[in-house]
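One structure below.
The values are calculated or read from the model by the stated rules, or taken from the named source; none is laboratory data. Worth saying up front: this structure is predicted, and the values here are computed from it rather than measured. Virtual Cβ from ideal backbone geometry, glycine too; neighbours counted across all protein chains shown. For accessibility, only protein heavy atoms count, side chains too; no ligands or nucleic acids. Shrake-Rupley method; radii C 1.70, N 1.55, O 1.52, S 1.80 Å.
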Amino acid sequence: MHGLVCIGANKYLRKSSQPMTDYELFQIHMLAWVYEIFRASVNIIDDMVDNGDTRYGNKLSWFKNEDVGMVAAQDSLLLYSSVFSMLREHFSDKPFYFTMLETINKFFWEMNMGQSMDMRFGANFRKTRSLSGFTVEHHNMLGYKKVGYFMYGPIEMGMLMQGLTDPVQFLQAKHISYLLGKFRVDLDDTLDVFGDCGDTGKMATDIAEGKCTWPMVTALQIANNEQIKLLKDNYGRSEPECIQTVKKVFTELRLDDLYREHAKSSYENIVKLIEAPTFKLPPSMFYYGLDIFYKKE
């Protein structure tokens, strides 16, 4: 998907009215592949850290394949290294080349920070059983760090390739991308509880790992004292009966219905921003991801 976003960004931002040459189209597709390979390198490690069994429609996580195992960490490094080889091979003569290198490193830093914060949060909660960290502010920050850059990355790369330099355009693109990232995180958090792993392609682990998620943060805002105690005692535990207790509380609080209302409001807010007269980028560039997430819900 993210590679397609990169291609779309180039398409909507391209200034020339002439048809794309084969070489131009090749370079745009190559840049999209650079980002997909970069993302794959991050996902391999993400699955290893989470001990995730599946990704993308019930396919085994790479490290779970019998002939791969921990060698997947080396594969991740090879993929990450190949990103810079591809950029050097195909774009080293372009004016945006060095900025693109800085951009990739920036994405890698931010996403690793988000992943580290996410994992440390769960480990700390399982140790202290303190609910104080389950705040909207903390969850928003995790969303921006973990997914916001995944959304912004292909758009910024497309903007750089098309020669955009207006700081306002980059700030607007980043802001909308972060909101899309938060939209995606809230959706994934909710599907982890109420979704079917056959549809999501990933095993549900957020409750057992004590993650800071939209359902848990929302539940603590509206639950009564008895429900809060049940969440505190059972959240972050891997025993099936504990997971079922948490899910029962979430169901009692109608969190699946509340999420639908939240998603509708988030969607309408993003549409309002990208359709505003002061928005300096093509709205169509953002509708692709927005509509996918909203329909997936």
To the nearest 20 debye, the chain has a Cα-centred charge dipole, built from +1 on Lys and Arg Cβ and -1 on Asp and Glu Cβ, of 580 debye
Among (1) 96, 43, 41; (2) 64, 51, 30; (3) 52, 44, 38, the entry matching Cα extents along the principal axes in Å as calculated here is (2)
Across bins of 10 angstrom width beginning at 0, how are the C-alpha pair distances of the range 203-248 distributed, in whole percent?
29, 61, 9, 0
Got a sec to turn the phi values of the range 165-172 into Karplus ³J(HN,Hα) couplings, 6.51 cos²θ - 1.76 cosθ + 1.60 with θ = phi - 60°, whole Hz, x for Gly and Pro?
9, 5, x, 5, 5, 5, 5, 5
Calculate the spin-label point distance for Glu89 paired with Val71, positioning each point 7 Å from the Cα along the beta-carbon direction, and give it in nanometres.
2.2 nm
Taking H as built 1.01 Å from N, whose amide H comes closer than 5 Å to the amide H of Thr54, not counting residues under 5 places away?
Ser61, Met203
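Below 8 Å between Cα atoms, with a sequence gap of 6+, how large is the relative contact order for the chain in percent?
Here the relative contact order equals 22 percent.
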Selection from Ser17, Asn43, Ile7 lying farthest towards where the dipole of the range 5-50 points positive, charges on Cβ:
Ser17
Specify the inter-centroid distance of the range 1-57 and the range 203-277, based on alpha-carbon positions, in whole Å.
31 Å
Given the C-alpha centroids of the range 59-112 and the range 135-195, what is the distance between them in whole angstrom?
19 Å
Just to be sure I follow: if Rg is taken over the C-alpha atoms of the range 206-297 and Rh is the Kirkwood radius over the same atoms, what is Rg/Rh?
1.14
Can you flag which of Lys145/Lys247; Lys174/Lys229; Lys182/Lys248 are past 32 Å Cα-Cα?
Lys174/Lys229
Using the heavy atoms of the protein chains alone and a 1.4 angstrom probe, what is the accessible area of the range 54-93 per residue in square angstrom?
65 Å²
